[in-house]
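Just below is one structure, and these are the notes that go with it.
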Amino acid sequence: MTASKDSVTAFAPAKLNLCLHVTGQRPDGYHELDSLVMFAATGDTITATLADDLSLTIDGPFADSLSMEADNLVLRAARLLDPDRGARIHLHKALPVAAGIGGGSSDAAATLRALATLWDMPLPTAAEVLPLGADIPVCMHPGLLRMEGIGEALTPLGPAPMLDIVLVNPGIALSTPEVFKGLRCKDNPPLPGDMPDPFEIDSWVGWLAEQRNDLQEPAIAAAPVIGEVLEALDAQPGNQLVRMSGSGATCFGIFEDAATRDAAAAAIRTARPDWWVAASEEWNL
Ligand code: C5P
């Protein structure tokens, strides 16, 4: 985060669900999850400047997908922190929307971090931000986290280790509720308790590969192109783990080093110039 007296810039990283097990459903319809979450150093940027009124402007490659109306998550996050204070907020939208990488949630969390600094206020708690969206608590404190409940029960596991990641989105927006509705089983086993030390990267990534994203199957049923994305990542030399994030459609590959990561990203970009492809590293707050 960079800050001067009257302006603060905060990064809103892409969220990756390294695995996501759906373990139950609550009476209110929300699903109980057991997920490992980390963040990638590709993302949006929020800049907040002191002003009398609250306002939002948006630019960047995915700006057209978003509304600047009062229901935008960035403005809702600002009003949650303090409904009476003003700021001129600018969002640079570099991540695809409705893409399973928590873009809107990460924007809201970055807004809260920026405004808490600008307005000299404490950050709200996970319980306070949960009504804005189930993914917002986990985006408040990027690192490596285990996320349970519907997204509010967080166990920080320290910083994410160094990883070489490729993210690929085929350019379709998926509705999260629709993907959850397509689940055939809502009662899957949680994560096993024997996770290796994340800094023993090979055995940790091997362990991750044995886990699942339970939303991958219903997402592929809704949008078969996700299967093509997974195959394209899987075909690249040096991949250690290939999986969909969140409710899709973005998928990621973890590669053995920066050279195989960059070669994979270049090959997929060449083969599918219509897809969004980002080569990245991990991101910790
Ligand atoms: O909370 P958020 O608005 O991000 O969630 C969008 C939708 O995704 C919810 O309305 C719900 O249908 C579904 N969802 C769920 N279980 C979760 C998170 C989201 O069923 N844990």
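The numbers here are math on the coordinates, done by the rules we state, and not lab data. Just so it is clear, the structure is predicted and the values come from calculations on it, not from any experiment. Because the Cβ atoms are built from the backbone with ideal geometry, glycine has one as well, and the counts that use them run over all protein chains shown.
The phi torsions of region 183-193, fed into the Karplus equation with coefficients 6.51, -1.76 and 1.60 and a -60° offset, translate into couplings of 5, 7, 10, 10, 9, 8, x, x, 5, x, x Hz, rounded to whole numbers, with Gly and Pro shown as x. Here region 43-86 and region 256-285 have alpha carbon centers that stand 29 Å from each other.
With a cut-off of 8 Å between alpha carbons and a minimum separation of six or more residues, what is the relative contact order of the chain in percent? That works out to 23 percent.
For region 204-221, the Karplus equation 6.51 cos²θ - 1.76 cosθ + 1.60, evaluated at θ = phi - 60°, returns couplings of 5, 5, x, 5, 4, 4, 7, 8, 9, 10, 5, 7, 5, 5, x, 5, 5, 4 Hz by residue, with Gly and Pro reported as x. The P(r) of region 91-156 has a tail past 14 Å containing 58 percent of all C-alpha pairs. Here the contact order of region 191-282, divided by its residue count and restricted to Cα pairs under 8 Å and six or more residues apart, works out to 20 percent.
Principal axis extents of the C-alpha atoms in region 118-254 (largest first, rounded to whole Å): 48, 37, 34.
Under 5 Å between amide hydrogens, built in the peptide plane, is the criterion, and for LEU54 it picks out ALA87 among residues at least 5 positions away or on other chains.
Kirkwood Rh and Cα-based Rg: tell me the resulting Rg over Rh for region 183-277, rounded to two decimals. The partial results should precede the final answer.
Values: Rg = 14.5 Å, Rh = 14.5 Å.
Across region 183-277, the Cα-based Rg/Rh ratio is 1.00.
Amide H to amide H, with H built 1.01 Å from N, GLN25 comes under 5 Å of GLU32, counting only residues 5 or more places away or on other chains.
Computed 3J(HN,Hα) for region 259-268, one whole-Hz value per residue from the Karplus formula 6.51 cos²θ - 1.76 cosθ + 1.60 where θ = phi - 60°, is 5, 5, 4, 5, 5, 5, 4, 5, 5, 5, glycine and proline marked x.
Under a Cβ-only charge scheme (Lys and Arg +1, Asp and Glu -1), can you give me the dipole magnitude of the chain about the Cα centre, in debye to the nearest 20? Before the final figure, lay out the partial values.
On the way: 18 positive and 38 negative charges, 77 e Å.
Roughly 360 debye for the chain.
Distance from the Cα centroid of region 7-23 to that of region 157-196 is 11 Å (rounded to whole angstrom). Panel order for GLU200, GLU228, by other beta carbons found within 10 Å of each beta carbon, from fewest to most: GLU200, GLU228. Of the two radii for the chain, the radius of gyration is 0.96 times the Kirkwood radius, both from the alpha carbons; that is the Rg over Rh value. The Rg/Rh ratio of region 39-167, with Rg taken over Cα atoms and Rh as the Kirkwood radius over Cα pairs, comes to 0.95.
Applying a 10 Å radius around every beta-carbon, put 132-141, 214-223, 74-83 in order of their mean neighbour count, most first.
Values: 132-141: 22.9, 214-223: 20.5, 74-83: 18.9.
With the highest mean Cβ count within 10 Å placed first, the list reads 132-141, 214-223, 74-83.
Please report the orientation-averaged projected area of region 59-110, defined via the convex hull of its C-alpha atoms, in nm². Display every interim value, and only then the final one.
On the way: hull surface 14.3 nm².
It is 3.6 nm².
Counting Lys and Arg as +1 and Asp and Glu as -1 over every other residue whose Cβ lies under 15 Å from the Cβ of ALA279, the net charge comes to -3. When region 24-114 is described by a simple charge dipole with +1 on each Lys and Arg Cβ and -1 on each Asp and Glu Cβ, the residue from ALA40, HIS90, VAL74 located farthest towards its positive end is ALA40.
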